[in-house]
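Everything on this sheet refers to the single structure shown next.
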Amino acid sequence: MAQQPIVAFLYDFDKTLCTTDMQNYAFIPSLGMTPAEFWKEANEFGRRNRMDGILAYMYTMLREAERRHLPLTRADLVEKGRGIVLFPGVEDWFGRINAFGAEQGVRVEHYVISSGLREIIEGSSISGAFKEIYASEFYYDEQGDPVWPKLAVNFTAKTQFVYRINKGVLDVSDDKTLNDSMPDDSKRVPFHNMIYVGDGLSDVPCMKMMRAYGGQAIAVYQESNRPGVEDLLAKGRVDFIFPADYSEGTVLDTTVKDIIRKMAVTDRLWEENAQQLRSIGGDVLPNQVGLF
């Protein structure tokens, strides 16, 4: 019996699932700073020191907390994730989409690929919906204090996690298996069964991968970033753009369900073709978009 096909959703987090940068809700106010003040400080620090922007903001978090003698343990950051504000419909989106996928004969999985902090995401009400959360993260000592960046996910580094999901090599410390050669038909989640959801230029490398390898790229927007998202569509960098409303019956909801239907049908047709080829001793080709 053929293995049940997997459809994987890959999400950015800030301004894709929640309304602003995740640090803005609780962490930055705890410093007595405005988001504009904090990000200006972090960005200028990074430029002065020719530092990766993600490492610069992580260092700025530690430095500003230390200056104010504020605790900054892993538990503190997780707690600050409780204040994240999600877009409409996000709370029940995952359960609805999983159920719809099951109706179509596919298993749906959800992943985060974010330049934000894993610790804050884990404090959100939806953290349990994800098979894996790939995001920037600190390494903590025995007292729970951050001492070093454990993972820094900048915009181009996001693409490695797409490959990890594709091959099913989810452990970030396992580079050997990730780089091992693997036949296309043995990869756990084919690229053409992936849907990437983001909100802007920082997501373009992953969106480009989706479009190059047969997956789908979706950009969501608020009115504040609508022009930028429309530009992505005009330049062919995304397949679809929608308001950031995940509620049942929205255009985003109905289009995603149509995409899942298409992926499910493509997988069924490929499996039928493969069975016929096996029955006559023919060669089974990798499942590719456009094969049918």
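Taken together, the values in this text are just the output of simple stated rules run on the coordinates, not laboratory data. Please read these numbers as outputs of a predicted model, since none were measured by experiment. All Cβ positions, glycine included, derive from the backbone under ideal geometry; neighbour counts span all protein chains shown.
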*Tell me, what HN-Hα J-couplings in whole Hz come from the Karplus equation 6.51 cos²θ - 1.76 cosθ + 1.60 at θ = phi - 60° for each residue of the stretch 93-104, using x for Gly and Pro?*
4, 5, x, 5, 5, 4, 5, 5, x, 4, 4, 8
*Evaluate the distance, in nm, between pseudo-label points positioned 7 Å from the Cα of residue 33 and of residue 82 along their respective Cα→Cβ axes.*
2.4
*Which of 55, 28, 110 sits farthest toward the positive end of the charge dipole of the stretch 18-121, with +1 on the Cβ of Lys and Arg and -1 on the Cβ of Asp and Glu?*
55
_Nearest-20 debye value, the stretch 22-83 charge dipole, Cβ charges on Lys, Arg, Asp, Glu_ = 80
_Could you check the spin-label model distance between residue 50 and residue 262? Points 7 Å from the Cα along Cα→Cβ, value in nm._
4.5
*How far apart, in nm, are two points set 7 Å out from the Cα along the Cα-to-Cβ line at residue 175 and at residue 70?*
3.4
*Rank the residues 134, 111 as a footprinting-exposure proxy: fewest other Cβ atoms within 10 Å of their Cβ go first.*
111, 134
*Starting from the Cα gyration tensor of the stretch 22-83, take the square roots of the eigenvalues, sort them a ≥ b ≥ c, and report rounded, prolate or oblate (rounded when a/c is under 1.5, otherwise prolate if a/b is larger than b/c, else oblate).*
prolate
*What order do you get for 181, 224 when you list them from fewest to most C-beta neighbours inside 10 Å?*
181, 224
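Run the numbers on the stretch 22-83 and let me know its relative contact order in percent, using alpha-carbon pairs under 8 Å that are six or more apart.
Once normalised by length, the contact order is 38 percent.
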*About its Cα centre, what dipole magnitude does the chain give when the only charges are +1 on Lys and Arg Cβ and -1 on Asp and Glu Cβ, stated in debye to the nearest 20?*
520
*How do 182, 58 rank when sorted from fewest to most other Cβ atoms within 10 Å of their own Cβ?*
182, 58
*Using only alpha carbon positions, build the gyration tensor of the chain, then give the equivalent ellipsoid semi-axes as the square roots of 5 times its eigenvalues, largest first, whole angstrom.*
37, 21, 17
